[in-house]
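Right, one structure below, let's go through it.
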Amino acid sequence: MICMRCGGCCTYLDVAIIDPAAIQADGRSDPSKPLIHKPAGKICPYLAFSGEVANCSIHHLPCYEQTPCQQFEQVGREDDFCILGSYLRAASQKRSDAVP
């Protein structure tokens, strides 16, 4: 799928991420430090926005390889735009609209 750079996955999914303290100067992660939990609804510490475009600040580093984020896949054609981001945003909006 083609990422829409909305930041939805990095905000709304409950996922394991690399511990920021584990990233070494060469961009690799310290193997003695495990992944940490990023709860749903909490913005990933690696997520940065440039206007409305979301970017991962470690996506290009060697430590990103083989992470749950890098291995995440969606069902659909490779050249289809991501539908998960719009779903997650709509679901989040419904939850916030329901709060009195």
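Only the coordinates and a few stated rules stand behind these numbers; no lab work does. Because the structure is predicted, anything quoted here is derived from the model rather than measured. As a convention, Cβ positions derive from the backbone with ideal geometry for all residues, glycine included, and neighbour counts pool all protein chains shown.
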Task: Residues (exposed (fewer than 15 other Cβ atoms within 10 Å of the Cβ), in contact with a strand residue (DSSP E or B) (Cβ under 7 Å, 6 or more places away or on another chain) and over 26 Å from Gln74 (Cα atoms)) located in segment 1-33 - done: none
Open item on the list: Taking the condition of being in contact (Cβ under 8 Å) with a residue 60 or more places away in the chain, under 25 Å from Lys33 (Cβ atoms) and of a type in the set (Val, Ile, Thr), how many residues in segment 1-20 meet it?
Closed with: 1
TODO: Could you tell me whether any residue of segment 41-48 is basic (Lys, Arg), free of Cβ contacts under 8 Å to residues at least 40 places away in the same chain and farther than 23 Å from Ala91 by Cβ?
DONE: no
Open item on the list: If I go through segment 55-98 residue by residue, how many of them are under 30 Å from Ala21 (Cβ atoms) and in a helix (DSSP H, G or I)?
Closed with: 11
